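The values are calculated or read from the model by the stated rules, or taken from the named source; none is laboratory data. Remember, it's a predicted structure, so these values are computed and weren't measured experimentally. Note that each Cβ is placed from the backbone with ideal geometry, even for glycine, and that neighbours are counted across all protein chains shown. To get the accessible areas, we keep the full protein, side chains included, count just its heavy atoms, and leave off ligands, DNA and RNA. Shrake-Rupley method; radii C 1.70, N 1.55, O 1.52, S 1.80 Å.
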Amino acid sequence: MTALLYVLLAIVLAVAIWQITSILNLKGTIATDKDNNTQGILFAAFGIFFYGLMIFSFWKYSVILLPDAASIEGESYDTLYLVTMLLILFVQAITQFLLFYFAFKYRGIKGRKALFYADSHKLEMIWTIVPAVVLSGIVLYGLSVWNDVMDASDAENPLIVEVYAKQFQWEARYAGEDNELGLANVRNIKGINTMGVDMTDKNANDDVPTRELHLPKGRKVIFKFRSQDVLHSAYMPHFRAQMNCVPGMVTQFAFTPSMTTEEMRANDKTIAKVEGINKIRADKGEDPYEFDYLLLCNKICGSSHYNMQMKIVVQEEADFNAWLKDQKTMAQVVVQ
């Protein structure tokens, strides 16, 4: 693959040099009617190729897109994304078509004279006001979706989880029975207390530290993000969730899981994606892959950035509660 990229780069550079040389050689050359006709036809042919390639890419590579959102809030994001992309594609289809069409239709022909407009207030009003109104609508729609997703004030009995980032791993801490996280600070990091939890805070004793995220389906989860060292970014693509983890401060994000891990594994798009991955792995002699939700770091945070992954398991709430009950609390872990 790398060799192919180098070959393509060499071809692009060669074409660029050839074009520059051609331009320099055309200083005193005047295009003939034949040249104009040829360039017009080539432009039209390229337009057909351009649209064909675009349609082929949508058909061929749509399988690499993420499957359906696994959170209720993610569905709103997907709708916003779909509306935005359809609008972009609609405008792109019209403008690119006109570009190629006009280049062909109005190519230089002997005896034809260009019609020149010094100005047109009507056209200027149209291409200024219409984009301004459309873009304002998109921005307002996006802000509305963002505010709805970020507002967790009306959540009933949310699960509170702290996600702690550091080079190069993730840790998590669940609020205990009091559903309130104890205080924490990097200055408290010592021995097994790797998250710097303040054990003098009574709210910290029943907190539950884990190295794997388990989430209940249908219950809102409020995440509190911290970073020990540099800027990280907690990215959970299947839930359409991302939030920066900033040293020295706590950031927040919330979503409601809507599909368990098993349900997502049975999703048609997920099955197709896993089959494609396992075909590649089989050709390499590697073990087959099984789908899991993942928490990733979406900021290049150092040399082992790619290692920052944490498995996420979404379960029915009864199964989640049983799992959480089996975990040790901070008081039990630190004492041991």
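Can you check what the net charge comes to around MET264, using other residues whose Cβ is under 10 Å from the Cβ of MET264 (Lys, Arg +1; Asp, Glu -1)?
Numbers: positive: ARG265, LYS269; negative: ASP68, GLU262, GLU263, ASP292.
Charge balance in the 10 Å sphere: -2.
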Residue-normalised 222 nm signal for the chain, counting each DSSP H run of n ≥ 4 as -39,500 (n - 2.57), nearest 500 deg cm²/dmol, is -15500 deg cm²/dmol
Taking a crude spin-label model, label points 7 Å out from Cα along the C-beta direction, the ILE23 to GLN332 distance in nm is 7.1
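Once you list every other residue whose beta carbon is under 12 Å from the beta carbon of TYR106, what net charge do they have if Lys and Arg are +1 and Asp and Glu are -1? Write down the numbers at each step before the final one.
Numbers: positive: LYS105, ARG107, ARG112, LYS113; negative: none.
Value of the local net charge: +4.
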GluC sites (Glu not before Pro) in segment 158-188 lying in a DSSP loop, each with at most 11 other Cβ atoms within 10 Å of its Cβ, come to GLU177
re segment 123-185: pairs of Cα atoms spaced beyond 13 Å account for a percent value of 76
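If Lys and Arg each add +1 and Asp and Glu each add -1, what is the summed charge of the other residues whose beta carbon sits under 12 Å from the beta carbon of ASP201? Let's see the in-between values first.
Numbers: positive: LYS202; negative: ASP178, GLU180, ASP198, ASP206, ASP207.
Charge balance near ASP201 sits at -4.
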Per the Cα gyration tensor, segment 182-336 corresponds to an equivalent ellipsoid with semi-axes, largest first in Å, of 30, 20, 15
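Once the Cβ-Cβ distance between TYR289 and ASP119 is put in as r, and R0 is 45 Å, what FRET efficiency do you end up with, to the nearest 0.05? Don't skip to the end; give the middle numbers.
On the way: r = 61 Å, r/R0 = 1.36.
The value I calculate is 0.15.
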Taking the reciprocal of mean 1/r across every pair of different Cα atoms in segment 153-240, the Kirkwood radius in Å is 13.8
Sparse-neighbourhood loop hits (trypsin sites (Lys or Arg not before Pro), segment 186-223; DSSP loop; Cβ within 10 Å at most 16 others) -> ARG211, ARG219
Compactness check, segment 240-294: C-alpha Rg relative to the 2.2 N^0.38 Å globular estimate gives 1.61
At q = 0.19 Å⁻¹, the log10 of I(q)/I(0) for segment 71-228 from a Debye sum over equal Cα scatterers comes to -1.20
Listed by chain and number, the lysines with an alpha carbon less than 24 angstrom from that of LYS113, same-chain partners under 8 positions apart left out, are LYS27, LYS34, LYS105, LYS122
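Within 10 Å, count the other beta carbons around each residue, average over each peptide in 103-114, 317-328, and list them highest first. Please report the intermediate quantities before stating the final value.
Working: 103-114: 11.1, 317-328: 12.9.
Packing proxy ranking, top to bottom: 317-328, 103-114.
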Each label sits 7 Å from Cα toward the beta-carbon; between LYS34 and LEU231 the label points are separated, in nm, by 5.9
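Could you tell me what percent of the accessible area of the chain is made up of carbon and sulfur, with a 1.4 Å probe and every protein chain present? Write down the numbers at each step before the final one.
Numbers: 13860 of 21680 Å².
That share works out to 64 percent.
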Full extension between VAL15 and ILE192 adds, at 0.36 nm per residue less the Cα distance, a length in nm of 57.7 nm
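What is the diffusion coefficient of the chain in µm²/s, taking the Kirkwood radius over Cα pairs and the Stokes-Einstein relation at 37 °C with a viscosity of 0.692 mPa s? Mind dumping the intermediate values first?
On the way: Rh = 25.1 Å.
Taking Rh from Cα pairs, D becomes 131 µm²/s.
Give the value in nm², to one decimal: projected area of the alpha carbon convex hull of segment 7-134, averaged over all directions. Please report the intermediate quantities before stating the final value.
Working: hull surface 52.3 nm².
One quarter of the hull surface, i.e. the mean projection, equals 13.1 nm².
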Heavy-atom accessible area per residue of segment 106-240, all protein chains kept, 1.4 Å probe, expressed in Å², is 58
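Are there any helices in the chain, counted as whole DSSP H runs, that stretch 15 Å or more along their axis by Cα and score at least 0.5 on average by Kyte-Doolittle, and if so which? Numbers along the way, then the final one.
Working: long enough: 2-25 (35 Å, 2.05); 33-61 (41 Å, 0.41); 72-105 (50 Å, 1.16); 121-150 (43 Å, 1.14); 268-283 (23 Å, -0.62).
Qualifying helices: 2-25, 72-105, 121-150.
Any of LYS224/LYS269; LYS273/LYS328; LYS190/LYS220; LYS217/LYS273 with alpha carbons more than 26 Å apart? Name them for me. Walk me through the intermediate numbers first.
Numbers: LYS224/LYS269 31 Å; LYS273/LYS328 36 Å; LYS190/LYS220 32 Å; LYS217/LYS273 23 Å.
The answer is LYS224/LYS269; LYS273/LYS328; LYS190/LYS220.
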Simple spin-label estimate for LEU42/LEU82, 7 Å along Cα→Cβ, in nm, reads 4.2
